[in-house]
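Q: I have a structure I would like to understand better, so I am pasting it below and will then ask my questions one at a time.
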Amino acid sequence: MIPRSAWRQRRRTAAALLSVLLALCGFAPHAASAHPVIAIIIDDLGNTLVEDRRAVDLPGPVACAILPHTPFSVRIADLAHARGKEVLLHLPMQAIDDAPLGPGGITLHMTRRQIQDTVRGDVASIPYLVGVNNHEGSLISMHPGDLAWIMQTLHHIGHLFFIDSYTTTDSIAYQIALENHVPAARRDVFLDDVNTPQAVGFQFNRLLDIARDKGFAIAIGHPRPATLSVLEAELPGLAARHVELVPLAAIVKLQQRHPIPWPQSIYPLPAAPGKPGA
């Protein structure tokens, strides 16, 4: 069996060789950040009390994303605000698989007026909001018209940022938010797609690696026992790992300095005659 130290040395050597090859090919890899920062959102709050309160009690500025019109939405918002946490509206948006959304959801068949009224009602239902992120939404987040109506409403309300939960790689929610003058950022890591402590721990370490590479990163998790246990154990030790947990608002400001480009179209226009590859 190869010792762990030998594996680490091999990985460092391989990384160094890759950097040299990239430089020779004209690619400049991102320099590791000297002060990486992360933000974490706990989604799906508002339906239970025991697990939600445990999420609110996590150390540091972990953001709390609360579903609208749920039994404990206002109570959890009160608790989160009292503990200095950012409160987000976890806006239900239709998914490709048409998963149930619960109250306050945005669906593709809705008119502009219905979407605007629903967003306003959802925002009004939860106190202390500083931002919005989408619950589900893999269908709506690919539709620029519906997204524009959502973002125009948020812009009119004012003071709210938007976090694209990025439930599909075809999402354009982040870009549509910016086009409508809503400050925005995008999720990098889901902590608990696989709901075991080992899987959550792996994703947490991946979050730190992304932050070290580009300077900042956002993770989303849920009030599940494995997720909460890992965060309770790992968050107090971040300083020793030279990573800082910061409010989402700080990441949004950083993202504004490093905007994400529009995704390449999956339906590219044909080349113009006489201009191959144009």
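The values are calculated or read from the model by the stated rules, or taken from the named source; none is laboratory data. Not measured: the values here are computed from a predicted model. A quick note on method: Cβ atoms are made from the backbone with ideal geometry, for glycine too, and the neighbour counts reach across all protein chains shown.
Q: Looking at Ala82 and the list (1) closer than 20 Å to Ile42 by Cβ; (2) in contact with a strand residue (DSSP E or B) (Cβ under 9 Å, 6 or more places away or on another chain), which single condition is not satisfied?
A: Checking Ala82 against (1) closer than 20 Å to Ile42 by Cβ; (2) in contact with a strand residue (DSSP E or B) (Cβ under 9 Å, 6 or more places away or on another chain), the one that fails is (2).
Q: With Gly60, Gly26 as the choices, which residue is in a loop (DSSP other than H, G, I, E, B), modelled with pLDDT of 95 or more and of a type in the set (Gly, Ala, Ser)?
A: Only one candidate qualifies: Gly60.
Q: Checking Arg83 against (1) modelled with pLDDT under 95; (2) farther than 30 Å from Trp149 by Cα, which test does it fail?
A: For Arg83, the exception is condition (1).
Q: Considering only segment 68-98, state which residues are of a type in the set (A, V, I, L, M, F, W, C) and outside any loop (DSSP other than H, G, I, E, B).
A: Selection gives Val74, Ile76, Ala77, Leu79, Ala80, Ala82, Val87, Leu88, Leu89, Leu91, Met93.
Q: Among Ala148, Ala177, Ala184, which is over 25 Å from Ile76 (Cα atoms) and crowded, with 24+ Cβ neighbours inside 10 Å?
A: One residue alone meets the criteria, Ala177.
Q: Next question, about the same structure. Could you go through segment 124-143 and let me know if any residue there is more than 16 Å from the chain's Cα centre (by Cα), at pLDDT 95 or above and small (Gly, Ala, Ser).
A: yes
Q: OK, next. If you go through segment 120-133 one residue at a time, do you hit one that is within 23 Å of Arg206 (Cα to Cα) and either out of contact with any Asp or Glu (no Cβ under 9 Å at 6 or more places or on another chain) or surrounded by 18 or more Cβ atoms within 10 Å (Cβ to Cβ) (or both)?
A: There is at least one residue in segment 120-133 that is within 23 Å of Arg206 (Cα to Cα) and either out of contact with any Asp or Glu (no Cβ under 9 Å at 6 or more places or on another chain) or surrounded by 18 or more Cβ atoms within 10 Å (Cβ to Cβ) (or both).
Q: Give the number of residues within segment 32-51 that are assigned to a helix (DSSP H, G or I) and under 19 Å from Leu101 (Cα atoms).
A: Total satisfying the criteria: 0.
Q: Spot the failing condition for Arg112; the list is (1) out of contact with any Phe, Trp or Tyr (no Cβ under 8 Å at 6 or more places or on another chain); (2) surrounded by fewer than 17 Cβ atoms within 10 Å (Cβ to Cβ), and only one is missed.
A: Single failed check for Arg112: (1).
Q: How do the pairs read when you match residues in segment 242-266 that are in contact (Cβ under 8 Å) with a residue 40 or more places away in the chain with residues anywhere that are surrounded by 16 or more Cβ atoms within 10 Å (Cβ to Cβ) and assigned to a loop (DSSP other than H, G, I, E, B), using Cβ under 6 Å and keeping only pairs 6 or more apart or on different chains?
A: Val243/Pro36; Leu245/Gly60; Leu245/Leu238; Pro247/Pro61; Pro247/Glu86; Leu248/Glu86; Val252/Pro183
Q: All but one of (1) assigned to a helix (DSSP H, G or I); (2) touching a residue at least 40 places away in the same chain (Cβ under 8 Å); (3) of a type in the set (A, V, I, L, M, F, W, C) hold for Val119, so report the exception by its number.
A: With (1) assigned to a helix (DSSP H, G or I); (2) touching a residue at least 40 places away in the same chain (Cβ under 8 Å); (3) of a type in the set (A, V, I, L, M, F, W, C) applied to Val119, the lone miss is (2).
Q: Looking only at residues that are more than 16 Å from Ile220 (Cβ to Cβ) and touching a Lys or Arg at 6+ places or on another chain (Cβ under 8 Å) in segment 57-82, which one is surrounded by the most Cβ atoms within 10 Å (Cβ to Cβ)?
A: Ile76
Q: OK, next. Just checking: which of the helices (runs of 4 or more DSSP H) contained wholly in segment 143-238 hold 2 or more residues that are among the polar types (S, T, N, Q) and farther than 19 Å from Lys253 by Cβ?
A: 144-157, 197-214, 225-234
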